[in-house]
Amino acid sequence: MRDLIDSDASPGRAAGRRLSDLAAVYGLAVVFVLVMVLFGLLRPTTFFSAINVNTVLVGQSVTALLALGEMVPLATKQFDLSVGFHLGMAQILIIGLQVNGGLSWEAAAAIVLVIAVLVGALNGLLVTRLGIDSFIATMGVGTLLYGVSNWYSGGQQIVAPNLPDSFINLTEILWHIPLPAIYVAIAAIMLWLVTEHLPVGRSLYVIGANPRAAELTGIRIGRYVTGAFVAAGFLSGMAGIMLGSILETGTPSTGPEYLLPAFAAALLGATSIHPGRVNVVGTLLAVLILAFSFSGVQQLGAPFYVQYFFNGGILIVAVGLSVYAAARRRRAATAKIERVVS
């Protein structure tokens, strides 16, 4: 009788398990559709307007690049808290080197990206060679970068009245598509190919899942972790260049406020598509959900300070959901091993 009951109940349990798996994998995509439908119905004339969509895509392209950069060290279970400060320094330098240094924007961008790579390498060396916890190391480096930004600018906004059109046009709207969104798409595709289809990406995830196992399989953990920080630094530098083109000024206080949204997006992205681990598609979906949700809330008349409640709340939710997704992933793997053994 018990066997009969179990056999009758098993199809229901299997269907429930499949539904749960689908919700875990495609949850963020469903939430994104619901957000778009909800605010589209509440504000039909403004929410889907070309002006609003382009404004959101241009403004959030910086956050998206920063979130993708943050995602790479997170794949190895390392934190990079310097990305916001790094973004701010890159934005100051791309403007300052043109205004104060008389350089072309191409030369200024090259210098900014070289510095970005060096900062990423410094973060990696502090973590892998000196053994400093990534939380402490990157926060310390970020604070130093913030000091450099204020030293270089004298704590003042760098006004740039005569920036070349070729630099300003880096973030224009071309054929109804904002160029910053295209840059993000290119970076995302390249990062997706690396993380999902190349050995280097699989090595990053193995390190994040089990460093000891990665070491036993011959993966050079220090090299890959340092490379992850270098990638984060490079993308932070790119984001800073793009922000400089958008703002057309150098502001030393700009940058740190991008850290929480980028961090929240990377962690929230780990709850979907590949639940339990950070991934490119999930990160981009999270950025879009955060961006369009806040845009919709603003159009409903919410005051400006709601953004801080929004970002802080989403970060807490994202951390909780990512921990739950990782635990669920571990339980599923354990159950699969047990079934194979039995």
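Read the figures in this text as sums done on the coordinates, not as results from a lab. In this text the structure is predicted, and so the values were computed from the model without any measurement. Every residue, glycine among them, receives a Cβ derived from its backbone with ideal geometry; neighbour counts consider all protein chains shown.
Using the Kirkwood formula over every pair of different C-alpha atoms, what hydrodynamic radius in Å results for the stretch 78-188?
For the stretch 78-188, the Kirkwood estimate is 15.6 Å.
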Margin query: For a test of the definition: using alpha carbon positions, the gyration tensor, and the 1.5 limit on a/c, classify the stretch 122-182 as rounded, prolate or oblate.
Written below: oblate
Note to self: As an exercise, use a Förster radius of 25 Å and the Cβ-Cβ distance of VAL117 and ASN169 to find the FRET efficiency, rounded to the nearest 0.05.
What the structure shows: 0.45
Next item on the list: Please compute the Cα-Cα pair-distance distribution of the stretch 40-89 with 5 Å bins starting at 0, giving whole percents from short to long.
Entry: 5, 18, 18, 16, 12, 11, 11, 9, 2
Next item on the list: Hand me the trypsin sites (Lys or Arg not before Pro) from the stretch 148-246 located in a DSSP loop with no more than 16 other Cβ atoms within 10 Å, in residue order please.
Entry: ARG220
Item checked: At R0 = 22 Å, FRET efficiency that the Cβ-Cβ distance of MET139 and PHE309 yields, to 0.05 -> 0.40
Next item on the list: At q = 0.16, 0.25, 0.27 Å⁻¹, what is the base-10 log of I(q)/I(0) for the stretch 220-285 according to the Debye formula with one equal point scatterer per Cα and no solvent? Please give it to two decimals.
Entry: -0.71, -1.11, -1.13
Item checked: Tail fraction, Cα-Cα pairs, the stretch 69-128, threshold 13 Å, whole percent -> 64
Next item on the list: Order the peptides 252-265, 145-158 from the highest to the lowest mean number of other Cβ atoms within 10 Å of their residues.
Entry: 252-265, 145-158
Notebook entry, point to check: Under a plain spin-label model, where a point goes 7 Å from the Cα along Cα-to-Cβ, how far apart in nm are LEU125 and VAL159?
Noted result: 4.0
Item checked: For the stretch 140-264: rounded, prolate or oblate by the Cα gyration tensor [a/c cutoff 1.5] -> oblate
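Against the empirical 2.2 N^0.38 Å scaling, what ratio does the C-alpha Rg of the stretch 194-236 come to?
Cα-based Rg divided by the globular estimate yields 1.13.
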Note to self: Give me the mean projected area, in nm² to one decimal, of the convex hull enclosing the Cα positions of the stretch 174-247.
What the structure shows: 6.0
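As a test of understanding, state the convex hull volume per residue of the stretch 37-137 from its alpha carbons, in Å³.
Expressed per residue, the convex hull around the Cα atoms of the stretch 37-137 is 142 Å³.
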